[in-house]
Amino acid sequence: MINSLRKEKELRKKGFADKQIEETVAFLREKGVETVWDVQAAYDSGLFGLTERCSFGSHGLCCRNCNLGPCRLDGEDIPFHMKLAVPKTSRSTCGKTADQMVSGMFLQTVLRVTSAHVGHAIHVAKTFMKASEGSKNFPIKDEAKLYSVAKELGINTNGKQILEIAKEVGQKAMEDLVGPGEGPMNFALALAPKHIEKLVNAALIPQKGATETIVQGVHSTAQGMMSSTKHTLMSCLKFGVIDMIGLYIATQLQDILLGVPTPKESKIGMDTLEKDKVNILVHGHFPVLSEMVATYANKLEEKAKEAGAKGINVVGTCCTGTEVLVRLGIPMAGSTIMQELIVGTGLVDAVCVDVQCVYPSLSTITKGLHTRLITTMPELRMENDTYIEFTPETADIAATQIVEEAIAAYKERSAERAFLPKAKGHNLLGGFSVESLMSVLKTLNPEKPLKPLVDLIINGSIKGVAVIAGCLSSKIQTDMSFVTMAKELLKDNVLVLATGCAATACARHGLLTGEAKVYAGDSLRGVLDTLGKAAGLNDSIPPILHFGSCVDNSRCAVLASSIADYLDTSIDKLPLVASAAEHVVEKAAAIYMGVIALGITTHIGVTPKLGGSPYVINMLTKEMENITGSRLIIEIDPQESARAMINHIQKKRGELGI
């Protein structure tokens with residue numbers, strides 16, 4: 001793994017690829033404001049590597065769980081000067097070997113994230129149950145989706161009212177998430193393809209009552225508990241599957257509440273902030289809140305004008321931003337890694353956050369500005385925050401207060417402190433979903449909409465499908481792992497689906513428009529033209545289909561499951577591949593373990609904290625294929641990463657005989 005760390009350093013030496021980021025970082029440095037890139041630079045600045053990130057931590061070879069420690073162990077990739085700081089022992093004080101330490105820390109990471117995604121799903125399910133009771137704040141917007149989900153769950157809808165059906169769907173979701181109940185999760189059975197023999201054989205079918213299973217998992221990581229490395233890694237797979245079902249439940253219920261996304265033209269970039277309007281930045285992952293804020297921003301326009309503004313401008317970042325983009329067309333100011341920059345412009349009057357991926361540094365930045373830092377959920381409180389709790393019952397009141405705080409802050413904004421980069425953002429087409437893709441394919445074959453897509457894969461017009469997902473990192477050249485890989489994949493006629501910050505990175509580099517078809521190979525370009533015409537667009541569909549937020553990775557799983565069933569095979573047999581090339585937050589680990597468990601080989605392009613155990617690395621990158629039919633690819637260089645993904649697709653095509 002030491003070579004991987006060196007490759008990361010070489011990549012980040014290339015500097016910024018996004019001019020808006022470059023300009024804004026320079027401005028904030030003049031103001032004495034530190035950002036994520038400045039902190040990374042501080043780690044790179046010392047002599048002889050003495051200030052670099054901890055080698056033991058980077059390889060997963062440190063443990064501070066119990067008070068016998070903290071303990072650190074040696075490893076073959078630990079630099080020589082750091083080996084002098086290692087005690088002459090091959091185990092921790094309590095007896096953990098390197099394999100046990102690395103795998104145990106990895107399981108803790110996966111568990112934290114699984115609890116985060118299941119927690120998100122519980123928030124949505126509780127809101128959904130209020131909707132089923134006739135909540136004025138949350139009417140059911142997509143009845144067709146409700147009927148579809150009910151059918152997948154085996155609910156008899158004959159003669160039942162909408163709210164009755166919604167209540168049964170919500171009860172099944174709550175049963176899966178918190179219990180009571182026995183047997184496989186209802187939503188897991190709805191998502192699963194026909195052929196799940198590998199999941200069954202590996203005991204990876206998740207059971208009802210995910211929260212109890214998570215408690216058992218956390219218990220297993222306590223001192224003196226789970227110490228079998230193989231069983232620990234199998235637990236990582238199990239919780240990866242639970243995480244994926246948590247995502248799936250959240251997405252399905254959000255679609256019913258808010259509507260299934262459809263393609264929307266919009267924009268991305270910090271120039272979506274408007275100097276003469278009240279700017280509200282929505283940030284996090286819970287779209288029920290952000291949609292309510294957008295609704296009340298429209299209702300309170302006149303109040304903003306009375307304060308001297310020309311109106312209210314809602315923009316997004318992170319997955320909450322993506323959610324309001326794909327349903328409402330609201331523009332995005334930037335990706336999650338840019339949150340310090342967006343707020344640091346001095347043009348954001350209120351940043352409204354819900355859960356996950358919110359940098360604590362926003363507290364420091366907003367202290368020197370007029371900006372209101374508004375937190376809304378008890379799991380996320382911050383220094384210097386204004387807390388306005390969001391609940392289904394008080395959603396309208398909370399949204400009104402949030403918008404009013406932004407209007408009040410606008411009156412205090414300093415024109416001299418305001419900054420916008422000269423570089424311009426990009427147009428984009430976002431908001432694809434399985435349903436919207438199927439509606440396009442139905443124009444080509446109304447009876448069997450999947451047939452045109454599968455036929456194109458079989459005849460090679462589309463070599464395969466790649467999903468790029470997840471965070472953006474300052475440990476490499478930000479954005480460019482995804483952008484470089486995407487261009488290489490497209491050139492080789494691989495259709496690309498993108499979610500989360502991977503999608504926004506591609507959007508900020510102009511890849512989510514029809515014009516970007518120039519990066520596609522000849523046969524894929526023809527497919528894009530055909531689909532664009534079928535969709536009624538003036539141009540091709542984008543070569544990269546924006547499939548939503550990180551929670552919406554489950555949409556990609558639905559599509560994979562549908563294709564597998566159409567071909568009467570299992571997902572691991574398909575020419576599919578995924579990548580979380582710039583993964584940062586713990587959530588990526590649970591997602592990629594869940595994706596691997598489903599049978600999709602997945603690439604990561606930032607060094608995982610696993611290198612201290614050759615056994616763990618071998619298990620994930622090689623032996624896992626014997627269990628799930630898929631594996632983990634670890635490669636830092638974007639060109640080599642794309643080549644590895646294309647080789648995997650080609651291998652699967654060969655195995656299918658196509």
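The values are calculated or read from the model by the stated rules, or taken from the named source; none is laboratory data. Predicted, not measured: the structure shown is a model, and the values here were computed from it. Cβ coordinates were reconstructed from backbone atoms using ideal geometry, including for glycine residues, and neighbour counts include every protein chain displayed. Just the protein is used for accessible areas: all its heavy atoms, side chains included, with ligands, DNA and RNA removed. Shrake-Rupley method; radii C 1.70, N 1.55, O 1.52, S 1.80 Å.
Points worth noting:
- Within the option set A98, A166, A131, A144, being farther than 14 Å from Y248 by Cα, open to solvent by 40 Å² or more (accessible area, probe 1.4 Å) and aliphatic (A, V, I, L, M) holds for one residue only, A144.
- Region 621-635 - residue that is within 25 Å of R6 (Cβ to Cβ) and either polar (S, T, N, Q) or more than 23 Å from the chain's Cα centre (by Cα) (or both) and, of those, surrounded by the most Cβ atoms within 10 Å (Cβ to Cβ): T621
- Restricting region 450-483 to residues that are of a type in the set (K, R) and not in a helix (DSSP H, G or I), the residue that is farthest from C506 (Cα to Cα): K463
- On inspection, A309 passes the criterion of being among the hydrophobic types (A, V, I, L, M, F, W, C), open to solvent by less than 50 Å² (accessible area, probe 1.4 Å) and in a loop (DSSP other than H, G, I, E, B).
- Residues within region 180-189 that are in contact with a helix residue (DSSP H, G or I) (Cβ under 8 Å, 6 or more places away or on another chain) and at pLDDT 95 or above, tallied: 4
- Residue identified as in contact with an Asp or Glu (Cβ under 7 Å, 6 or more places away or on another chain) and among the small types (G, A, S) among S549, S461, S474, S523: S549
- Hey, T251 open to solvent by less than 20 Å² (accessible area, probe 1.4 Å), more than 30 Å from I162 (Cβ to Cβ) and either in contact (Cβ under 8 Å) with a residue 40 or more places away in the chain or not in a helix (DSSP H, G or I) (or both) or not: no
- M174 being touching a Pro at 6+ places or on another chain (Cβ under 8 Å) and at pLDDT 95 or above: no
- Beta carbons closer than 6 Å, at least 6 apart along the sequence or on distinct chains, pair a first residue in region 582-602 that is free of Cβ contacts under 8 Å to residues at least 60 places away in the same chain with a second that is part of a helix (DSSP H, G or I) and of a type in the set (F, W, Y) for T602/Y592.
- Residues in region 636-658 that are touching a Ser or Thr at 6+ places or on another chain (Cβ under 8 Å), of a type outside the set (A, V, I, L, M) and open to solvent by less than 40 Å² (accessible area, probe 1.4 Å): P638, S641, H648.
- Residue satisfying all of: in region 447-478; under 24 Å from I591 (Cα atoms) and in contact with a Lys or Arg (Cβ under 6 Å, 6 or more places away or on another chain); surrounded by the fewest Cβ atoms within 10 Å (Cβ to Cβ) among these: Q477
- Only a single criterion out of (1) surrounded by fewer than 24 Cβ atoms within 10 Å (Cβ to Cβ); (2) within 29 Å of A418 (Cα to Cα); (3) among the aliphatic types (A, V, I, L, M) is not satisfied by L237, namely (2).
- Residues in region 254-286 that are open to solvent by less than 10 Å² (accessible area, probe 1.4 Å) and either free of Cβ contacts under 8 Å to residues at least 60 places away in the same chain or of a type in the set (F, W, Y) (or both): F286 alone.
- Boolean, P608 is in contact with an Asp or Glu (Cβ under 9 Å, 6 or more places away or on another chain), surrounded by fewer than 24 Cβ atoms within 10 Å (Cβ to Cβ) and over 29 Å from P452 (Cβ atoms): no
- Looking at L437, L420, L428, just one residue is open to solvent by 40 Å² or more (accessible area, probe 1.4 Å) and either in contact with an Asp or Glu (Cβ under 6 Å, 6 or more places away or on another chain) or in contact (Cβ under 8 Å) with a residue 40 or more places away in the chain (or both), and that residue is L420.
- Pick from region 40-72, criterion polar (S, T, N, Q) and either open to solvent by 70 Å² or more (accessible area, probe 1.4 Å) or closer than 18 Å to V584 by Cα (or both), ranking: modelled with the lowest pLDDT: S45
- The one condition in (1) part of a loop (DSSP other than H, G, I, E, B); (2) open to solvent by 20 Å² or more (accessible area, probe 1.4 Å); (3) at negative phi that V355 fails to fulfil: (2)
- Any hit, region 218-226, residues being of a type in the set (S, T, N, Q), in a loop (DSSP other than H, G, I, E, B) and either open to solvent by 50 Å² or more (accessible area, probe 1.4 Å) or under 17 Å from I122 (Cβ atoms) (or both): yes
- When the residues of region 518-562 are filtered to those that are modelled with pLDDT of 95 or more and among the acidic types (D, E), the one that is surrounded by the most Cβ atoms within 10 Å (Cβ to Cβ) is D552.
- Total residues in region 1-51, condition hydroxyl-bearing (S, T, Y), farther than 24 Å from Q639 by Cα and touching a residue at least 60 places away in the same chain (Cβ under 8 Å): 2
- Taken over region 514-561, the criterion of being among the β-branched types (V, I, T), in contact with a helix residue (DSSP H, G or I) (Cβ under 6 Å, 6 or more places away or on another chain) and over 26 Å from G599 (Cβ atoms) is satisfied by I541 alone.
- For Q108, the criteria (1) within 30 Å of I249 (Cβ to Cβ); (2) in contact with a Lys or Arg (Cβ under 9 Å, 6 or more places away or on another chain) hold in every case but one, which is (2).
- Taken together, the criteria exclude V355 from residues that are farther than 24 Å from I249 by Cα and of a type outside the set (S, T, Y).
- Here N156 meets the list (1) open to solvent by 80 Å² or more (accessible area, probe 1.4 Å); (2) under 30 Å from S103 (Cα atoms); (3) in a loop (DSSP other than H, G, I, E, B) almost entirely, failing just condition (2).
- Restricting region 479-517 to residues that are hydroxyl-bearing (S, T, Y) and open to solvent by less than 10 Å² (accessible area, probe 1.4 Å), the residue that is nearest to K573 (Cα to Cα): T499
- Close pairs (6 angstrom Cβ cut-off, 6 or more residues apart or separate chains): at positive phi in region 314-340, surrounded by fewer than 24 Cβ atoms within 10 Å (Cβ to Cβ) and among the basic types (K, R) anywhere: G329/K264
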